[in-house]
1. When only residues in the stretch 391-403 that are surrounded by 13 or more Cβ atoms within 10 Å (Cβ to Cβ) and out of contact with any strand residue (DSSP E or B) (no Cβ under 8 Å at 6 or more places or on another chain) count, which is farthest from MET421 (Cα to Cα)?
2. From LEU783, LEU793, which residue is at pLDDT 95 or above and in contact with a helix residue (DSSP H, G or I) (Cβ under 6 Å, 6 or more places away or on another chain)?
3. Modelled with pLDDT of 95 or more, among the hydroxyl-bearing types (Ser, Thr, Tyr) and in contact with a Gly (Cβ under 8 Å, 6 or more places away or on another chain), is that true of SER638?
4. Here are some conditions: (1) of a type in the set (S, T, N, Q); (2) without any contact (Cβ under 8 Å) to a residue 60 or more places away in the chain; (3) in contact with a Pro (Cβ under 8 Å, 6 or more places away or on another chain). SER774 meets all but one. Which one does it not meet?
5. Determine, yes or no, whether TYR419 is open to solvent by 40 Å² or more (accessible area, probe 1.4 Å) and within 31 Å of the chain's Cα centre (by Cα).
6. Looking only at residues that are of a type in the set (Gly, Ala, Ser) and modelled with pLDDT under 95 in the stretch 375-394, which one is nearest to TYR412 (Cα to Cα)?
7. Given (1) open to solvent by 50 Å² or more (accessible area, probe 1.4 Å); (2) over 30 Å from ALA518 (Cα atoms); (3) part of a strand (DSSP E or B); (4) not β-branched (Val, Ile, Thr), where does PHE89 come up short, assuming only one miss?
8. Looking at the stretch 582-613, which of its residues are open to solvent by less than 10 Å² (accessible area, probe 1.4 Å) and under 19 Å from the mean Cα position of the chain (by Cα)?
Amino acid sequence: MQMPFCWDRRCPAQAPENHIAIRGTVVVSCHFGLSVPGKSTTLRLFSSTQIDHNTGKGRLSMEAPLRGGKKTNHGPGKTSTMTYQVTLFVDVEFGTPGAVVVKNGLKNDQFFLRYVHLELAEDRSIHFECNSWVYPYKKTNSDRVFFINTSYLPDKTPAALQLLREEELRSLRGNGRGERKDWERIYDYDYYNDLGNPDKEDRIRPVLGGTTTHPYPRRCRTGRALFKKDGVTETRKHMINLDFYIPPDERFNPTKLAEVLTLAVQAVTHFVIPESRALFQGTINSFKSFDQLRRDLYSKPQQPAVEGVVMDRLKTSVPSQKTYKQVSKMVKETPVKFPIPQVIEHDREAWRTDEEFAREMLAGLNPVVIKRLDVFPPVSSGGKKSSITAAHIEGQLEGRTVEKAIEQNRLYILDHHDYLMPYLRRINTLGVCIYASRTLLFLKDDSTLKPVVIELSLPNDGGGDDEMSRIFLPASDGIDGHLWQLAKAHVSVNDSGYHQLISHWLFTHAAVEPFIIATKRQLSAMHPVSKLLEPHFKDNMQINTLARSILLSAGGILETTMYPGKYAVEMSSAIYSQWRFTEQSLPKELIKRGVASKDPSGAVTLHIEDYPYAVDGLDVWRAIERWVQSYCAHFYHSDAAVAGDRELQAWWDDVRLVGHGDRQHDPACWLELDTAARLAETLSTLVWIASALHAAVNFGQYGYAGFMPNRPTRCRRFVPQPGSPEMAQLEADPERFFLEMVPDRFTTTLGLALIEVLSNHTSDELYLGQRATSSWTDDGKVLQLLDGFREELRRVEKRVAERNRDPRLKNRRGPAKVPYTLLFPDVGNVGGKEKGITGKGIPNSVSI
C-alpha cells in the first residue's frame, strides 16, 4: 500500500502559490498510423489520501496538457511510441495520488495509452498501467480514470477512491439499453443470436442460450442494433463482418492486430497456391494420390499462381476489398507453400500405423476425450448395448479375459457415439457420410495403447432409435487392411469435429468469456482477483467475436470444413448441457474420465503411466495451484474475508446466474465461494482452462491436422459394403478411394489455412508466469510469489525435456517422432523471441 510522503520541492517547474509540482512520464503507442494526443489532451490526478468533501472523492490536481512528445521505443518488441514529459501541480495538502484522469481533447481520433509514471520524492514512484484506448471527450462525455497499481479489497479501499471505484464499475455495467458505440466501455451479456441470418432460409440458425432447449454460455453484446421483427437477433452487415462493437479494452493492441492480419493474409495466400495449381492440372475436386497431395500443398509451384475461378471463390471469404487486393498482390509476387506438418516431417507413413493412431489420443491435439472402459459391452445413455462382443477382442488382450482386462484398468474407449447419434440423420442429409463411433483400446505393458476394435453406427433406415452397426478389427494386409484404414479415418473425423467444436471452442473460448464479462462488471481494476486474472483474459473476447463472424457463422469456415455443418453449434449446445465447472480442473477431469484416481493420501495416480498430456499437465496444474493459493492467502487471511468480499460475491453470482446461467440449476456445477480454499480452486481452474488447456488443444493443430489424411474433418463416402461397386473400387485403387472419401481439395486447403493461423504464436504472446511489465503491481511480496511460480515452471520445463529424451516413454514421440511439447511452458520466450508454429509454449490466455 502507498504511504504518505513529502513532495519534491526541487522541481524546476514554476508552481502556483500553495501548490507543488509532480513530474510524470506518459507513453502512447504511435505505430501503424495511430493518432497521438493533441495539445488539448490533459491529465489530472486524484488523491488517494485526501478527500474533497464537496464531491466525496479524492482531491483533484490542476489540469496538465500533453505537449512536446518525442518518438521512442518500448517493450521487448521495441514498439514505436511517443513519450511525453508532463508536470502536474497539486496543492500542498493533496496527499498521495491514487488515480489519473485523462481527457482526450482530439475531435475524432482515439489514442492508445500505454502507461503513466509519476516520479515522487525520496526515490519513490507511482505507476498507472493503462494499455487502453482513450476516446475523445467529445464522444464519451467523460474522462478516463486509471487507478494506481496497488491492489485493494473493497473494504480496504482508501475512502478517497471508494466513490471512483464504484462509479467505474457502474459505468462498465451500463444500463442494458441502446446501441453500442465504438467508444463505449460497456460489458453486457447476450445470447448467441448473431450466427445466422433470419432473412435467408438456408442461413437460419437457432439462438443459443437462455432456453433449456439450447443452453449456452453468454457472450458479450457486440451488435450495433437489434432486428425489430423478432427482438432477439443481432444485426450484422455481412455474414463475414469485422465492423462489430467490442469494448475498447478487449481489442487487439495495435501490434497484435497488425500481426494477426498478416498471418491471415499469409494463410489465405497458402490456400490460393494449391487451388491455383489444381486449375492448371484440372483436378478441382479430389487429390488423386498422397504424393500429389504432398506435392501440391507443401512444395513451391513452378509457375506463378493465377487468379480466375479460385480468386473469385476467395473474394467472398475475406473481410474486405482491401484485404482481397492485398492477398491477390501477395499471391502474384511471392508464391508460397504450407509448411510441412510435424506428423509427416520425419516419416511420411507413420501416421497410418495403429500405434500412432492410438498415441495421438494421449499426446495429440485432442488428448482430453479417451476414457477408461468400466462396463462391457459399452452401453449408450439410453441403455442400448454396443454390438461389440468379447469374441471380437479377447484374442488381442494378451491372454486376458475382458473382465480381467477391465479389472486391471487395461481397456479404454474413444467414444463418439451418444452425443452424435441424435444428429446423424440430419447431418447425413448435408452431403456428408458420417458414422457415430466407438473405438476400444488395450493398454500394453509398455504403456502404449493398441486399438482392438472399431464400431461404426448409423440410425436405422426405418426410423426410431434402432441402429445399424458394423465392426472392424485391426488388419494390415489385403481388403481387411484397407477397410481398417477407412474405419480409422471415420473415427478421426468424429474426433476432429469434437476437438474443434467442443474441446477447443466450447470448453476454452466460449466457457471463459462469461468470466471476463463478470470480472469487468463486478471486480474493480484494483481488486486483487482482477489483477490475477487480467493476463488470462487478454484478447479472448476479440478472438471469440472474430470466430462468430468468420468461423461459426452460418456458411462460415467451420460449417464448410467440419462434418456437422449447420448443426455444429447446435450440437455443441447439447454437450454444454452436461458441462460442469467443478469438473474442469485437470485432476477432477482425469478422474471423471477414469484415467486417474486418488490414492489414500489424496495424490492423483494415473492408470496410463505414459500419458504425456496428463503427466505434463499435472506438473503445470500443481504449479498454477501453488501460485494461486499463495496469491489468495496473501490477500485473504480468513474464510470470512472471502465470504464477506462484496465484489467477489457479486462476480460469482454474475458468472453462475447470468454468464453461465443456463447451468445454474445443476447443484454439482458450481462451488460456493465461501472459503479461501474454494476461491483458490476456482481461480486455479479458470487459469488452467485459459492457459494450459487451451494450449494443449490449440497449438498442436497444424502439427497433426496439417496433414489432412491424419485428421480428416469430414467424409464423402461410407465404408463400402461387401460385394458393392464401391468395394470393387476400393480393391482396385485403395489410395484413391481413401482420398475420394475424405475432404476435397478446396475443403482441405481452406481448413489448412485456418489451422495455420490458429497454431501460430504471435510476437506479443505472454506465456504462463510472464507479465507485460513488472509494474503491474507495487506489491513486492506478490512479485516474489510470481518469481517462485516462474521458477517452478522452469523446473517443469526440465522434466518435460527429460521425459522426451527417455526412450522408455514411447508415447512421448511415437512412430511419427513428434515430441510432446504442447505443455512445455516456455517461460524464457520473451518478446516473441520464438514465434510462429513452434508446437510449444503455454500462453496466458485464449489469445488465438
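1. Narrowing the stretch 391-403 to residues surrounded by 13 or more Cβ atoms within 10 Å (Cβ to Cβ): 392-394, 396-397, 400, 402.
Going one step further and asking which of them are out of contact with any strand residue (DSSP E or B) (no Cβ under 8 Å at 6 or more places or on another chain), we end up with 394, 400.
Details: GLU394: 27, ARG400: 32 Å.
The residue in question is ARG400.
2. Numbers: LEU783 fails: in contact with a helix residue (DSSP H, G or I) (Cβ under 6 Å, 6 or more places away or on another chain).
Of the residues listed, the single one that is at pLDDT 95 or above and in contact with a helix residue (DSSP H, G or I) (Cβ under 6 Å, 6 or more places away or on another chain) is LEU793.
3. Numbers: modelled with pLDDT of 95 or more: yes; among the hydroxyl-bearing types (Ser, Thr, Tyr): yes; in contact with a Gly (Cβ under 8 Å, 6 or more places away or on another chain): no.
In short, no.
4. Of (1) of a type in the set (S, T, N, Q); (2) without any contact (Cβ under 8 Å) to a residue 60 or more places away in the chain; (3) in contact with a Pro (Cβ under 8 Å, 6 or more places away or on another chain), only one is false for SER774: (3).
5. Values: open to solvent by 40 Å² or more (accessible area, probe 1.4 Å): yes; within 31 Å of the chain's Cα centre (by Cα): yes.
Here the answer is yes, as TYR419 does meet what is asked.
6. First, pick out the residues of the stretch 375-394 that are of a type in the set (Gly, Ala, Ser): 380-383, 386-387, 390-391.
With the extra rule that they be modelled with pLDDT under 95, the set shrinks to 380-383.
Details: SER380: 15, SER381: 18, GLY382: 21, GLY383: 19 Å.
Ranking the qualifying residues of the stretch 375-394, first place goes to SER380.
7. Tallying (1) open to solvent by 50 Å² or more (accessible area, probe 1.4 Å); (2) over 30 Å from ALA518 (Cα atoms); (3) part of a strand (DSSP E or B); (4) not β-branched (Val, Ile, Thr), PHE89 fails exactly one: (1).
8. Answer for the stretch 582-613, where residues must be open to solvent by less than 10 Å² (accessible area, probe 1.4 Å) and under 19 Å from the mean Cα position of the chain (by Cα): SER585, LEU586, TYR613.
The values are calculated or read from the model by the stated rules, or taken from the named source; none is laboratory data. Keep in mind that this is a model prediction, so the values were computed, not measured. Glycine also receives a Cβ, built like all others from the backbone with ideal geometry; neighbour counts cover every protein chain displayed. SASA here: full protein model, heavy atoms, side chains in, ligands and nucleic acids out. Shrake-Rupley method; radii C 1.70, N 1.55, O 1.52, S 1.80 Å.
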